[in-house]
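Colleague: Have a look at this one.
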Amino acid sequence: MEGTCMNLLVCLLVIVITGTLVIKKFKAQTVLLLGGLIMMFAAYLLGYTTSFVEAKKATGVLFFDAFEFINITTAKDAANLGLMIMTCTGFAKYMDHIGASSRLVVTAIKPLGKMKSAYLVMALTFILNMFMSLVIPSASGLAMLMMVTIFPILVRLGVSPVGAAAAVATGHLLDIGPASATTLLVSKTVNMPVHEYFVGYQLKVYIICGLMAAIAHFVWQKYLDKKSGHVPAEYVEAHKSDDLEVGPLPYIFLPLLPLIFILGFSDYGIQGVKMNVNLAMFLSLFIAMGCELIRHRDFRKMAASIQTFFKGMGDQFANTVTLIVAGETFAFGLTSLGIVKEFVAAIQSLAISADVVGVIVSTIITGLSIVMGSGVASMFAFAPLVPNFAADLGGNATTILLGMQNAASVGRLLSPISAVMIAVAGIANISSFDLVKRTSVPVIVTFITSTIAIWIIH
């Protein structure tokens, strides 16, 4: 009991201090790294862990192993998610440089501007974004694509950058579809085919949550923009004179190329060709460079222009990828102290109805997702327990797991250290904490809607 209290005390103390320092504008990377390291060493001293890395990767000195964990995490993130974020940012910068983004924006604004409401357009593009999440399972990958295409259009229409970023960041509102890791986990846990779980349980709730979140975005972003003194019409007028490099009309398709490649070579298009976000970005980049060569007939100028792409990549590594590494280190410190296991044990001891336990567990998972920046770890810890206690309490394990899965998803969108929030904030050049403020109401509405919809429908 004493050890349990001590690990909880250490976690709470570190979380409070970390949050305070970040709010006071201390560099988040440094604060999160130090917080994670402190919890890792505390976990060792309290007997919750004996190592920080796999035995084959251990250095032989525990103190060094803590930093080896950071080294391994950096290498992993830089090669996977980090590279994806960097290539998307580099491509976005290159699109700006050659005038392709401005061409898309200028052309798209003409019909969209007739709708007379920038926030209605934002709500509609959010729904489009949600639809895209069915075919693009990566929240960060989808957000990066939308930041290249949808974000500049919304800003140009008069939505504030932080409001537009919130609509983009929440596009992957709930993990859904056969490609989702948590969907596969749930279907395996309840021994149900993935497509049956998707169609029979996920889809109806997803549609309802999406519509409610779109309405919440419309109201919340419009309210906060007005409160902050942001007037769409004035913003558009003030930026009409911006010195935009507007490319030729055919360039309208260049920012859309990554999306075309990803969807074109998928189960919804040409099958048998493996396509990912990074590959789509590099293919699109070289097509764009070819267009620039034809346009200017100057190989030297075209060759020099690619530096814009690489500079965008480098800037994003310094700002965003390092923050993701720091966030993962902080999350590892929490798990090292056994917090997830403690929550699991506490839930097992509760003698209440299955539905109530489901709501409690969903709330806990939301909290863990906010703190850790990911709901995957908590879902994988709790999910195996559900069939047993659901059967004992007369509940439906599938509906409980659905609520938990949705809770894990929304928690990620309330976390300033989650990968998707950091990535979107980095490209939009805003604080991830400011972004959380903008996503908070739509996400909370989603959580409440999900809970009620599951009760009513299932």
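A short reminder: the numbers here are calculations on the coordinates, not readings from a lab. Bear in mind the structure is a predicted one, so any value in this text is a computation, not a measurement. Quick reminder, even Gly has a Cβ in these numbers, built from the backbone with ideal geometry, and neighbours come from all protein chains shown.
Colleague: Rank Leu33, Gly375, Met115 by how far each Cα sits towards the positive end of the charge dipole of the chain (+1 on Lys, Arg Cβ; -1 on Asp, Glu Cβ) and give me just the farthest.
Modeller: Working it through, the farthest residue towards the positive pole turns out to be Met115.
Colleague: Using helices alone, I'd like the mean residue ellipticity at 222 nm for the chain: each DSSP H run of four-plus residues gives -39500 (n - 2.57), total over residue count, nearest 500.
Modeller: Helix-only estimate at 222 nm: -23500 deg cm²/dmol.
Colleague: Just want the answer: with Cβ charges of +1 for Lys and Arg and -1 for Asp and Glu, which residue in Ile365, Leu83, Val14 is farthest toward the dipole's positive end in the chain?
Modeller: Leu83
Colleague: In percent, what relative contact order does the chain have, based on Cα pairs under 8 Å that are 6 or more apart in sequence?
Modeller: On the way: 635 pairs, mean separation 114.9, N = 458.
Normalised by residue count, the contact order of the chain is 25 percent.
Colleague: If you don't mind, there's one more thing I want to ask. By the gyration tensor of its Cα atoms, with a ≥ b ≥ c the square roots of the eigenvalues, what is the shape of the stretch 14-71: rounded for a/c under 1.5, prolate for a/b over b/c, or oblate?
Modeller: Judged from the Cα gyration tensor, the stretch 14-71 comes out oblate (a/c at least 1.5, b/c at or above a/b).
Colleague: Of Cys209, Ser349, Asn129, which is farthest on the positive side of the dipole of the chain, counting Cα position, with +1 on Lys and Arg Cβ, -1 on Asp and Glu Cβ, and the Cα centre as origin?
Modeller: Positive-end residue among those listed: Asn129.
Colleague: Place a +1 charge on the Cβ of each Lys and Arg in the stretch 19-105 and a -1 charge on the Cβ of each Asp and Glu, then give the dipole magnitude about the Cα centre in debye, rounded to the nearest 20.
Modeller: For the stretch 19-105, the charge dipole is close to 300 debye.
Colleague: State which entries of Lys24/Lys227; Lys56/Lys76; Lys222/Lys311; Lys341/Lys437; Lys27/Lys437; Lys110/Lys274 exceed 27 angstrom in Cα-Cα distance in the structure shown.
Modeller: Going by Cα-Cα distance, Lys222/Lys311; Lys341/Lys437; Lys110/Lys274 fall outside the 27 Å limit.
Colleague: For the stretch 1-159, just say rounded, prolate or oblate: build the C-alpha gyration tensor, square-root its eigenvalues into a ≥ b ≥ c, call rounded for a/c under 1.5, and beyond that prolate if a/b exceeds b/c, oblate if not.
Modeller: Here the stretch 1-159 falls in the prolate category.
Colleague: Expressed as an acute angle from 0 to 90° and rounded to the nearest 10, what is the orientation of the C-alpha long axis of helix 354-372 relative to the principal long axis of the chain?
Modeller: That helix lies at roughly 60 degrees to the long axis.
Colleague: Roughly how big is the chain's charge dipole about its Cα centre, with Cβ charges of +1 (Lys, Arg) and -1 (Asp, Glu), in debye to the nearest 20?
Modeller: Result for the chain is approximately 1020 debye, rounded to the nearest 20.
Colleague: Using a Debye calculation, one point per C-alpha and no hydration shell, please list log10 I(q)/I(0) for the chain at q = 0.12 Å⁻¹ in order.
Modeller: -1.09
Colleague: So, one more: Ordered by packing density, taken as the mean number of other Cβ atoms within 10 Å over each peptide's residues, highest first, how do 61-67, 151-157 rank?
Modeller: The most tightly packed comes first, giving 151-157, 61-67.
Colleague: Note the angle between two axes, namely the Cα long axis of helix 100-112 and the longest principal axis of the Cα atoms of the chain, as a number of degrees from 0 to 90, rounded to the nearest 10.
Modeller: 90 degrees
Colleague: To the nearest µm²/s, what D does Stokes-Einstein give for the stretch 106-210 at 10 °C and 1.306 mPa s, using the Kirkwood radius over alpha carbon pairs as Rh?
Modeller: 108 µm²/s
Colleague: Can you tell me which of 254-263, 278-287 comes out highest on packing, and rank the rest after it, using the mean Cβ neighbours within 10 Å? Display every interim value, and only then the final one.
Modeller: Working: 254-263: 20.9, 278-287: 18.4.
My ranking of the peptides, most packed first, is 254-263, 278-287.
Colleague: Let me ask you something else. Just order 440-453, 187-200, 412-425 by mean Cβ neighbour count inside 10 Å, highest at the front, would you?
Modeller: Ranked from most to least packed, the peptides come out as 412-425, 440-453, 187-200.
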